[in-house]
Structure formats: C-alpha cells, structure tokens
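Peer 1: Attaching a single structure in structure tokens format; questions to follow.
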Amino acid sequence: MNLKLKCQFKAKGEVKETANVTLTRFYCDTDTDTDYPGIVEFQFFNDKVNVDELKQGQEVTVNFNINGRKWTSPEGKSLFFQSLVVWKIETDAAPVKEHHSAKQGSDESQLPDSGDSGDLPF
C-alpha cells in the first residue's frame, strides 16, 4: 500500500546501524494550525532518501508504506508494531535526492521520547 502525506519536516532522529542495514528516523508535523500538532515518526533504510537536505518547517510530501508485525513476549503476551517506511520525499521543487552517507549526526531537539526500553525485537 503506497501512501502520501503532506506535512512539515521537523527533525532528523535516531540513526541505528547494524552489519548491513542503516535505519534512520525522522519526524514531521501534520497539523501545525492547532495548539497540539500531530507529530509522525517515519523511518527509512539505507540510502533511500536524504533528510539532511531538509530544513525544519519545510513543507514536504512523504511517500511511504505501512509495515506491521506481531511480536510475542516470553510470557506469551502479543504486541503489534507498525512502522511508516519511506521510499521517497518530495518538496515543492523536486524529489529529494538519494542519500549516500546516512552516517551523520542527528538533531533530536524537541522530539518526543520514544520510550525505547531496549527489549524489543528490532
């Protein structure tokens, strides 16, 4: 399922690297005209897009897929996880160029706490 969302780029988030995959997260505001804007977390793998060229507040259209998975804890409790995996970002000018160095720092100011407990299967 290919979806699009027009939003404002907020910030680049965490970059996780493993032996053969780099996962980068970034955040967008979806409703900036209210006191409680919606913040959406997106992610992409390896060099799919380049968020380093985007500026905070810049209007973008994010093309993404929704991925979901089930995880069962050792106690037998099932949890379901969804992720929004980006394959293209467009600005008013043109699609953002592919990124060839996802190993740069991140701007995590003003981002929600992910609550990562470190015991999840990914």
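Peer 1: Taking F26 as the residue in question, decide whether it is surrounded by 14 or more Cβ atoms within 10 Å (Cβ to Cβ), of a type in the set (A, V, I, L, M, F, W, C), in contact with a Gly (Cβ under 7 Å, 6 or more places away or on another chain) and within 15 Å of S83 (Cα to Cα).
Peer 2: When the stated conditions are applied, F26 passes them.
Peer 1: Then there's this: Mind checking whether some residue in segment 22-33 is part of a loop (DSSP other than H, G, I, E, B), charged (D, E, K, R), modelled with pLDDT under 90 and within 11 Å of I89 (Cβ to Cβ)?
Peer 2: Checked segment 22-33: no residue is part of a loop (DSSP other than H, G, I, E, B), charged (D, E, K, R), modelled with pLDDT under 90 and within 11 Å of I89 (Cβ to Cβ).
Peer 1: Additional query: Report yes if K55 is among the basic types (K, R) and surrounded by 12 or more Cβ atoms within 10 Å (Cβ to Cβ), otherwise no.
Peer 2: For K55, the condition - among the basic types (K, R) and surrounded by 12 or more Cβ atoms within 10 Å (Cβ to Cβ) - is not met.
Peer 1: Could you give me the residue pairs with C-beta distances under 8 Å whose first residue belongs to segment 61-75 and is farther than 21 Å from D29 by Cα, whose second residue is in a strand (DSSP E or B) and hydroxyl-bearing (S, T, Y) wherever it lies, and which are 6+ apart or on separate chains?
Peer 2: G68/S83; K70/S78; W71/S78; T72/S78
Peer 1: Looking at this structure, is K4 over 19 Å from I66 (Cα atoms) and at pLDDT 90 or above?
Peer 2: no
Peer 1: Among the listed residues I39, I66, identify the single one that is within 19 Å of K88 (Cβ to Cβ) and either modelled with pLDDT under 95 or not aromatic (F, W, Y) (or both).
Peer 2: The unique qualifying residue is I66.
Peer 1: Right, another one. Test each condition in (1) at pLDDT below 90; (2) buried (at least 16 other Cβ atoms within 10 Å of the Cβ); (3) closer than 25 Å to A19 by Cβ for V86 and report the one that comes out false.
Peer 2: (1)
Peer 1: Let me ask another. Quick test of your reading of the structure: A19 fulfils all but one of (1) free of Cβ contacts under 8 Å to residues at least 12 places away in the same chain; (2) of a type in the set (A, V, I, L, M); (3) in a strand (DSSP E or B). Name the failing condition by number.
Peer 2: Result: A19 passes all but (3).
Peer 1: May I pose another question? Which of the residues belonging to segment 41-70 are out of contact with any Lys or Arg (no Cβ under 9 Å at 6 or more places or on another chain) and part of a strand (DSSP E or B)?
Peer 2: F45, N65, I66, N67, G68, R69, K70
Peer 1: In segment 42-54, what count of residues is obtained for those that are over 12 Å from the mean Cα position of the chain (by Cα) and within 13 Å of D29 (Cβ to Cβ)?
Peer 2: The qualifying residues number 1.
Peer 1: Also, I was wondering about something else. Suppose we filter E41, E75 for residues that are among the acidic types (D, E) and surrounded by 11 or more Cβ atoms within 10 Å (Cβ to Cβ); which single one remains?
Peer 2: Residue meeting the stated conditions: E41.
The values are calculated or read from the model by the stated rules, or taken from the named source; none is laboratory data. Everything numeric here is computed off the predicted structure, so don't read it as measured data. Positions of Cβ are backbone-derived with ideal geometry, glycine not excepted, and every protein chain shown enters the neighbour counts.
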